[in-house]
Structures are given as C-alpha cells and as structure tokens.
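The values are calculated or read from the model by the stated rules, or taken from the named source; none is laboratory data. Only a predicted model underlies this, so the values are computations on that prediction, with no experimental measurement involved. Note that each Cβ is placed from the backbone with ideal geometry, even for glycine, and that neighbours are counted across all protein chains shown.
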C-alpha cells in the first residue's frame with residue numbers, strides 16, 4: 001500500500017513538472033509574432049457583475065505588431081471580442097474593456113487577433129481566475 005502511494009505521488013510530481021515546463025516560453029517570439037504572457041484587471045477594487053472593466057494583457061513581440069481586437073471567454077462562454085483601447089510596445093501591454101457576467105467564480109481566458117505578413121492570426125491564450133460580485 002505504501003509503495004503504491006509513493007508511486008502515485010511520484011507520478012503527480014512528474015506531471016506537475018512537465019506541465020509547468022510546457023507553459024514557460026523558452027525562446028523569443030518569431031518576427032511579427034505576438035506572445036501573450038498574462039491578463040489582469042487594472043481595477044484593485046472588487047469586480048462587479050454586468051459592468052465594464054479595463055483589463056491589461058501583457059505580451060512580448062519582436063517589434064511593433066498590428067493588434068486589432070482582444071477576445072475573452074468567461075469559462076466556456078464566448079468569445080466576446082472588443083477593440084483595443086491602447087497598446088504600449090515599450091511596456092508590452094494591451095488595454096481593452098471587457099463586460100462582466102453574472103456573479104460567481106470564473107476563469108477569464110483571453111487572446112488577441114493580429115496581422116503578420118498580411119495574414120490575420122490569433123495569439124496564444126492566457127487566463128486568470130476572477131470572482132465577480134453581485
């Protein structure tokens with residue numbers, strides 16, 4: 001019994017190590033590519049239902065890129081896409097407004113649409129946990 005428990009724990013540790021390594025970018029983005037790093041609400045107060053809030057998406061890219069829209073999923077509901085409010089290439093931040101759903105706990109997932117070599121592309125997805133209050 002004890003050896004089986006140790007085997008299971010070793011398996012869990014290995015799985016966590018592999019999944020954590022897979023999520024960390026290991027090389028710089030290709031020219032013209034956008035790689036999102038994280039998404040967060042800029043508001044420090046409580047996030048309430050049925051309102052619009054500014055979110056900040058941190059990214060890295062090789063030079064300036066043409067980002068057109070930011071899209072969001074609340075759990076599996078979406079995508080809800082919005083125009084970009086502003087983009088700072090020096091800081092690597094994109095700001096956009098997003099509307100909030102009904103109260104509860106959600107995972108907010110985000111990606112952006114951008115143009116590379118005249119072709120529309122979609123970035124990777126970043127996510128954060130959000131508690132929406134009534």
Across the range 28-62, which residue is farthest from residue 114 (Cα to Cα) among those that are part of a loop (DSSP other than H, G, I, E, B) and in contact with a strand residue (DSSP E or B) (Cβ under 7 Å, 6 or more places away or on another chain)? 46
Residue tally, condition exposed (fewer than 14 other Cβ atoms within 10 Å of the Cβ) and under 19 Å from residue 73 (Cα atoms), over the range 98-123: 6
Would a scan of the range 71-82 turn up a residue that is at pLDDT below 95 and surrounded by 14 or more Cβ atoms within 10 Å (Cβ to Cβ)? no
Counting only residues that are part of a loop (DSSP other than H, G, I, E, B) and either closer than 15 Å to residue 42 by Cβ or under 16 Å from the mean Cα position of the chain (by Cα) (or both), the range 74-133 contains a total of 8
